[in-house]
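Before any comments, here is the structure.
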Amino acid sequence: MRRDARRNREALIAAARAVYAEQGVDAPLDDIARRAGVGNATLYRHFPTRGALVEAVFHDTLTGTLRASEEARRSEDPWEGLTSYLESVFEGLAADRGANDLMTTGVEGTPSLEALRAHNHETVGILLRRAQEHGTVRPDVTAEDLLFALAALGRVVPASAAVVPGSWRRYLALLLDGLRAEAARPLPVPPVDFGQLEEILRELGPAMPGRRGAAGR
């Protein structure tokens, strides 16, 4: 890659990182090109799809989340492994609106994100089962139950962080306390399955194909 092309690519990634952190991954690509000081044609030459740009911007973030999940799996205390992992994830959601969009909805064309989502589902399932076998977590909770609740809570984290920084910790603690075995009461309806959960998250948006104009492809 020529020096000027490499410089433009780096400027676009830096601009996208800043814009996504402020506005989320559905931010207009025009805004990103403008902040990077390049034209739209240059942006699309480097990143022909929104997914390609998101992949480049968040690769390191996604890799860090994978490392946190592996560390949680190695925890000797099942409850500590589960809670520390979720706290680590939510710290990222509070700091970056774009990362929040990625974890609670999705963007097509991002292989690292798809790998992370599958790994996250597996990690939550493993940590949950370990805690259930240990007698810490109620036996009727599924990984999809927890991911559903975490997605719902996660969507308000950026707004709460802007008003009352750190307030999400209170509500995550309330959610986690509801998982404890001693607090268990019969649940009124069956859990959603994995396919239903994925459909719910796609409906949640905003990073959905067909919901953007030409500038948001």
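The values are calculated or read from the model by the stated rules, or taken from the named source; none is laboratory data. Everything numeric here is computed off the predicted structure, so don't read it as measured data. No Cβ is skipped: glycine too gets one built from the backbone with ideal geometry, and neighbour counts run over all protein chains shown.
Surrounded by fewer than 22 Cβ atoms within 10 Å (Cβ to Cβ), of a type in the set (Lys, Arg), closer than 24 Å to residue 168 by Cα and outside the structural domain of residue 179 (by TED's automatic domain parsing): does that describe residue 17?
So residue 17 fits the description; yes.
With among the hydroxyl-bearing types (Ser, Thr, Tyr), within 28 Å of residue 31 (Cα to Cα) and surrounded by fewer than 17 Cβ atoms within 10 Å (Cβ to Cβ) as the only criterion, which of 110, 49 stands out?
Answer to the selection: 49.
Do we have residue 99 as closer than 15 Å to residue 51 by Cα, under 14 Å from the mean Cα position of the chain (by Cα) and surrounded by fewer than 19 Cβ atoms within 10 Å (Cβ to Cβ) here?
Here the answer is no, as residue 99 does not meet what is asked.
Taking segment 116-138 as the search range and keeping residues that are hydrophobic (A, V, I, L, M, F, W, C) and part of a helix (DSSP H, G or I), which one is farthest from the chain's Cα centre (by Cα)?
The selected residue is 131.
Kindly list the number of the only condition in (1) in contact with a His (Cβ under 6 Å, 6 or more places away or on another chain); (2) crowded, with 22+ Cβ neighbours inside 10 Å that fails for residue 78.
(2)
Checking residue 102 against (1) free of Cβ contacts under 8 Å to residues at least 12 places away in the same chain; (2) among the hydrophobic types (A, V, I, L, M, F, W, C); (3) closer than 17 Å to residue 147 by Cα, which test does it fail?
In the conditions (1) free of Cβ contacts under 8 Å to residues at least 12 places away in the same chain; (2) among the hydrophobic types (A, V, I, L, M, F, W, C); (3) closer than 17 Å to residue 147 by Cα, residue 102 misses (1) alone.
Return yes or no: is residue 93 assigned by TED's automatic domain parsing to the domain that holds residue 144, within 9 Å of the chain's Cα centre (by Cα) and at pLDDT 80 or above?
Yes; evaluated as a whole, the condition is true for this residue.
Enumerate the pairs (first residue in segment 145-161 and touching a residue at least 60 places away in the same chain (Cβ under 8 Å); second residue anywhere and crowded, with 20+ Cβ neighbours inside 10 Å and of a type in the set (D, E, K, R)) with beta-carbon separation below 6 Å, excluding pairs fewer than 6 apart on the same chain, so at least 6 apart or on different chains.
158/97
For the list (1) more than 22 Å from the chain's Cα centre (by Cα); (2) surrounded by 10 or more Cβ atoms within 10 Å (Cβ to Cβ), I need the number of the one condition that residue 185 fails.
(2)
To keep it simple, each residue is scored yes or no on (1) touching a Lys or Arg at 6+ places or on another chain (Cβ under 9 Å); (2) of a type outside the set (Val, Ile, Thr).
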| residue | (1), (2) |
| --- | --- |
| 28 | yes, yes |
| 58 | yes, yes |
| 67 | no, yes |
| 92 | no, yes |
| 104 | yes, no |
